[in-house]
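The values are calculated or read from the model by the stated rules, or taken from the named source; none is laboratory data. The structure presented is a predicted model; accordingly, all values stated were derived computationally and were not measured. Cβ placement follows ideal geometry from the backbone for every residue including glycine, while neighbour counts extend to all protein chains displayed. Quick note on the areas: whole protein, heavy atoms, side chains included, nothing else; ligands and nucleic acids left out. Shrake-Rupley method; radii C 1.70, N 1.55, O 1.52, S 1.80 Å.
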Amino acid sequence: MAVQDSYSGSPGAQNDPSFTFVQEPNTGMFLESPGVLAFTVQGLVVFRLRAGQAYTLSGVAGEDTLATYGNSIAAAVAANGATHNDVIIFTGTTVTGTVTVPSTLRLRVRGNGSITVADGAVLNIDSDFDAPARPIFVLVGTGKVYLRGANPIIYPEWFGARFDDTTDDKTAIQAAIDSVGSTAQTRRSGATIRISGPAAISNTITISGKSIILEGTGWGLRPTSGIERNDSWLRWIGAAGGVMLRLQNTFGAMTVRRLRFIGDPLNVCASAISIYQVLNAAGNTHNSLEEILIGQHSGEIISPATTFDYGIKCEGTTSQNNDSWHFRQIYISGATVGFHTGSGQHLAHHLDRVTITNATVGIELAGGEIIGDSVFLSAISDAGIRFFTPDDFGNVSNPRAFFNWLSFEGCNRMADMQSASTFSVLGGYFQLTSSMSADGKVIKTGNNNTQSVALREYRFSQSTSPPTAPFLELAGAGGGSHKTLTLDNVAGMSLMTGGVNGIDAPTIANSDRRTIFYNPSNYTTGLYAPFNMASYQGVSQFDPFAMDVTGSLNFQTVTKSQITGDVHNYDLGAGTYFRVTLDAPHDMSGILASTGRSRFIILVNDSANALSILHESGSSTAANRIYTSTGATLSLAANDSVILIYDTTETRWRVLNIS
């Protein structure tokens with residue numbers, strides 16, 4: 001088809017009756033400008049032919065208006081069957097009963113078109129749905145609409161959302177989410193629900209059993225007056241104790257992104273976002289939150305204040321399958337607790353470029369595991385990281401946190417470890433300020449727990465003077481607790497306090513174990529000789545292979561059971577300083593060796609009977625035998641002591657001194 005130059009008259013008007021060829025107003029063709037023939041539907045130009053250009057039209061589906069079918073969607077479906085066709089809705093229509101629009105029939109809403117779904121009716125649209133972002137659907141009572149086609153974007157405006165920061169848009173947003181499909185469908189995916197402006201909500205928005213995308217258009221700034229249209233957020237206007245967004249039993253690829261959550265300091269929410277797992281339902285795993293702002297900034301309508309009990313809270317009615325979420329580019333301000341995991345099954349949560357500020361606790365782990373990359377905590381009045389047990393379900397768990405770069409500014413303390421837990425950091429800094437805890441504990445550990453702390457490539461810097469000399473604590477006594485502290489290239493600030501140089505280590509029971517790995521290389525002023533050796537059963541220092549000790553070197557006294565006969569391959573057990581008693585004079589031919597280790601021991605005879613130490617006696621295994629300093633038997637009389645060291649080359653004990 002070609003448009004010739006003969007179409008050169010004066011432009012006409014759309015409503016010229018001579019150009020109307022269907023029974024719809026402003027529908028037809030007219031000369032839009034010299035050489036341009038325009039075709040319109042309800043005043044909308046849908047096609048233009050230009051003079052001097054050739055056009056080939058092929059494979060074009062038929063197009064009707066709903067008026068052709070008595071303004072009935074059910075009648076249009078019945079008439080078209082499997083034929084590919086478009087039906088344009090220009091005026092209001094009502095659906096009763098259950099109507100399913102097949103994938104071959106596309107509904108397009110134009111002009112004043114709208115669709116009312118009567119009480120109890122269901123409209124299933126399995127094709128693409130084409131409509132502007134304005135009110136389209138009116139759901140009466142229990143009426144439902146399901147958009148099950150390949151719509152890339154579903155607009156809450158279709159369901160009545162205003163996005164004016166005043167009107168309650170909760171019902172409209174929830175209807176848009178529910179239109180994706182039944183909540184019983186656990187893997188409904190592909191649709192995007194777009195929050196294109198500032199939305200006020202009075203109740204919880206729930207995404208349950210849907211792998212969809214809920215997205216805004218950016219965080220924006222809430223100015224002192226008016227709104228910016230491109231800003232998108234959810235703002236709470238409901239009662240205290242509510243939850244703004246609940247993400248429940250969503251398995252795989254559910255994403256919330258580019259959205260902001262604003263609370264109300266007069267009606268504090270329980271949480272901005274709840275990661276919620278329901279018992280006997282699909283797992284709530286492998287989903288993500290991206291580019292999320294929770295809270296407010298100074299200079300806005302409401303100054304920064306506590307508006308949430310929790311910023312993000314992992315919770316539910318079961319401890320199972322609430323794991324493997326990715327939290328990327330998250331900013332949380334004004335929550336009592338920024339981020340919370342509530343179960344030992346909340347595993348492998350990944351925090352990537354997360355900032356938490358103006359909180360009581362930054363990250364709280366009652367169980368589970370987090371992995372952090374570039375996490376920044378500031379203005380935290382209690383602990384940056386808190387570990388505790390039991391979890392939200394009453395179970396004893398061992399929370400774990402591993403960070404690649406973790407930094408603190410203006411925080412009371414780095415970590416409060418109230419349970420058996422693991423805390424590992426590679427890179428970052430802690431700013432020592434006047435806002436720190438008065439007890440000086442940068443890391444505080446609890447009693448009777450197995451705990452591991454590792455700081456590598458870490459720096460302590462001083463902004464303002466802390467209230468007291470800061471230090472790291474490895475507290476706890478009894479119960480067989482095992483404390484491990486690893487410090488590798490930790491620099492920038494001397495952590496000295498009182499008589500305990502950097503590490504608070506009270507006396508612990510014989511059943512306890514404490515291990516310190518300490519690498520002083522690359523130090524400037526910090527952490528030289530940071531250990532009070534008293535009460536430690538095992539202390540290791542790597543690179544250089546030497547230990548500098550200021551003050552006393554103290555050992556626990558180990559009292560052995562009375563010797564009632566000659567002893568061979570004598571097992572002293574753990575310790576360094578041993579007291580022995582004898583019921584009569586006896587011989588000792590050898591001591592059980594620590595394989596591959598040059599162990600140092602002191603043995604004291606605390607009885608009136610002599611202990612004879614035999615030289616190279618065959619009564620003991622070769623590797624457990626003793627070389628005396630004289631090559632002959634040595635007598636350890638009452639109150640005498642002997643110092644021995646194990647020679648790993650000769651595989652013999654050597655007597656260094658006897659007195």
### Task
Would you kindly find the accessible area of GLU369, with a 1.4 Å probe and non-protein molecules such as ligands, DNA and RNA excluded, rounding to the nearest 10 Å²?
40
### Query
Given H placed on each backbone N at 1.01 Å, which residues far from THR100 in sequence or on other chains put an amide H within less than 5 Å of it?
ASN124
### Query
Using the alpha-carbon centroid of each, what span in Å lies between the stretch 395-454 and the stretch 227-296?
27
## Note on the structure
Here the FRET efficiency for GLU616 versus ASP439, based on Cβ atoms and R0 = 41 Å and rounded to 0.05, is 0.15
### Task
State the extension gain, in nm to one decimal, for the chain segment bounded by ALA270 and THR468, taking 0.36 nm per residue of separation less the distance between their alpha-carbons.
67.7 nm
### Query
Setting aside same-chain residues fewer than 8 positions from LYS441, which lysines have a Cα under 25 Å from its Cα?
LYS483
### Query
For the pair THR651 and THR306, what calculated FRET efficiency results from E = 1/(1 + (r/R0)^6), where r is the Cβ-Cβ distance and R0 = 60 Å, to the nearest 0.05?
0.35
### Summary
Amide H neighbours of TYR570 at under 5 Å, excluding residues fewer than 5 places away on the same chain, with H built from the backbone geometry, are GLY590, ILE591, LEU592
### Task
Estimate the FRET efficiency between HIS350 and VAL36 by the formula 1/(1 + (r/R0)^6), using the beta-carbon distance for r and 51 Å for R0, to the nearest 0.05.
0.35
### Eligible aspartates and glutamates near LYS313 by straight Cα distance, threshold 16 Å, same-chain separation 8 or greater
GLU290, ASP323, GLU364, GLU369, ASP391, ASP392
#### Entry: Centroid-to-centroid separation of the stretch 362-377 and the stretch 582-659 [C-alpha atoms, Å]
52
### Task
Would you mind computing, in nm to one decimal, how far apart the modelled labels at THR167 and ALA239 are, each placed 7 Å from Cα along Cα→Cβ?
2.6
#### Entry: Under 18 Å from the ASN609 label point (7 Å along Cα→beta-carbon), backbone N, the stretch 573-594
579-590
### Message
Starting from 0.36 nm per residue, how many nanometres of slack lie between THR192 and TYR577 once their C-alpha separation is accounted for?
### Response
131.6 nm
### Message
Counting pairwise Cα distances across the stretch 349-430, what percent come out greater than 16 angstrom?
### Response
47
### Query
Taking amide H positions as placed 1.01 Å from N in the peptide plane, with prolines and chain starts having none, which residues 5 or more places from THR93, or on another chain, fall under 5 Å of its amide H?
SER114, ILE115, THR116
### Task
Go through 574-587, 108-121 and give me the packing order, highest mean Cβ count within 10 Å leading.
108-121, 574-587
